[in-house]
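The values are calculated or read from the model by the stated rules, or taken from the named source; none is laboratory data. Just so it is clear, the structure is predicted and the values come from calculations on it, not from any experiment. Here the Cβ is made from the backbone with ideal geometry for all residues, glycine too, and neighbour counts use every protein chain on show. Side chains are part of the model used for accessible areas, which takes the heavy atoms of the whole protein and leaves out ligands, DNA and RNA. Shrake-Rupley method; radii C 1.70, N 1.55, O 1.52, S 1.80 Å.
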Amino acid sequence: MRRLVIALLVLAGLLVAADFGAAALAESAVSRQMRAQLGLADDPAVRINGFPFLTQAASGRYSSVDVEADRIEVGPLRELSVSVQLRDVVAPLPMLLGSGEKTLQVGEMEGTVRVPATDLARLVPDVADLRIETLDEAALEQAAEDNDAPALAELDPERSVRLVGTATLPEQLPVALPGLSGGDEIELRVIAS
């Protein structure tokens with residue numbers, strides 16, 4: 001009886017190890033495919049969540065897949081970072097391993113795209129000292145009051161930032177700006193959410 005228990009424990013351990021090994025191989029294959037197909041600078045980090053992996057792979061249905069990629073280039077932006085969680089993913093195992101159709105179905109997706117200040121500065125080169133500041137509820141309420149823009153107070157502070165920088169007005173202003181003239185340096189503040 002004791003040998004049977006030990007044999008079952010060893011077998012269970014081998015099955016768990018095989019499951020984790022298969023998941024790691026699939027994650028690596030998906031990562032390499034994404035890099036090649038999307039023209040990424042680096043392999044993205046791919047994590048297939050849920051246990052056991054092998055039953056998910058056999059059915060082609062995955063509860064959750066996390067993907068993180070850095071140094072993504074889109075137009076003039078050169079250093080984007082993306083972090084995405086895909087839920088209720090339908091992707092046959094042959095597709096994950098590199099053969100078969102290259103499409104998958106995703107039931108739900110949530111993610112974040114980070115744009116560094118250097119990329120923003122490249123987009124608006126005439127703005128000096130561009131900074132990205134975090135906001136809290138009090139700052140949003142104050143901005144709403146200062147700018148007579150009540151919608152600002154309704155923004156989610158965890159998903160909002162303030163872009164701040166300085167710019168020099170052109171010598172010839174196309175319109176009259178009270179208290180300002182051409183060549184004046186002004187501070188710009190933009191709230192993005």
For this session: Could you state the orientation-averaged shadow area of the convex hull built on the Cα atoms of region 122-193, in nm² to one decimal?
Result: 5.7 nm²
Exercise. Within the accessible area of the chain, what % is carbon and sulfur when the probe is 1.4 Å and the other protein chains stay in place?
Worked result: 57 percent
Problem set entry | Calculated FRET efficiency for the pair Gln172/Gln85, C-beta based, R₀ 35 Å, to 0.05 | 0.10
For this session: Return the loop-located GluC sites (Glu not before Pro) in region 96-193 (DSSP other than H, G, I, E, B) with at most 12 other Cβ atoms within 10 Å of their own Cβ; answer none if there are none.
Result: Glu101, Glu171
Exercise. Which loop trypsin sites (Lys or Arg not before Pro) in region 79-180, with loop taken from DSSP, have no more than 13 other Cβ atoms within 10 angstrom of their Cβ?
Worked result: Lys102
Exercise. Gap in Å between the Cα centre of region 18-42 and the Cα centre of region 105-167?
Worked result: 33 Å
Exercise. From Cα coordinates alone, what are the radius of gyration and Dmax values for region 1-111 in angstrom?
Worked result: 17.1, 68
Exercise. Suppose R0 equals 22 Å; then what is the FRET efficiency for Ala117 and Arg32 from their Cβ-Cβ distance, rounded to the nearest 0.05?
Worked result: 0.10
Seminar exercise, completed: Across 10 Å bins beginning at 0, the whole-percent shares of Cα-Cα pair distances in region 57-148 come to 13, 26, 28, 19, 11, 3
Exercise. In the neighborhood of Arg47, defined by Cβ-to-Cβ distances under 11 Å, what is the net charge if each Lys or Arg adds +1 and each Asp or Glu adds -1?
Worked result: -3
For this session: Can you give me the P(r) profile for region 14-58? Cα pairs, bins 5 angstrom wide beginning at 0, each as a whole percent.
Result: 5, 25, 26, 18, 13, 10, 3, 1
For this session: With springs connecting C-alpha atoms under 10 Å apart, model the chain as a Gaussian network and identify which of Val74, Val115, Val30 has the largest mean-square fluctuation.
Result: Val74
Problem set entry | Per residue value of the accessible surface for region 65-193 (all protein chains in place, 1.4 Å probe), Å² | 68 Å²
Exercise. When the chain is treated as a GNM, springs tying every alpha-carbon pair under 10 Å, which of Val82, Val175, Val16 comes out with the largest mean-square fluctuation?
Worked result: Val175
For this session: With log10 I(q)/I(0) by the Debye sum over Cα atoms at q = 0.08, 0.16, 0.19 Å⁻¹ defined as stated, name the option among (1) -0.48, -1.07, -1.26; (2) -0.23, -0.99, -1.43; (3) -0.30, -1.10, -1.36 computed from the structure displayed.
Result: (1)
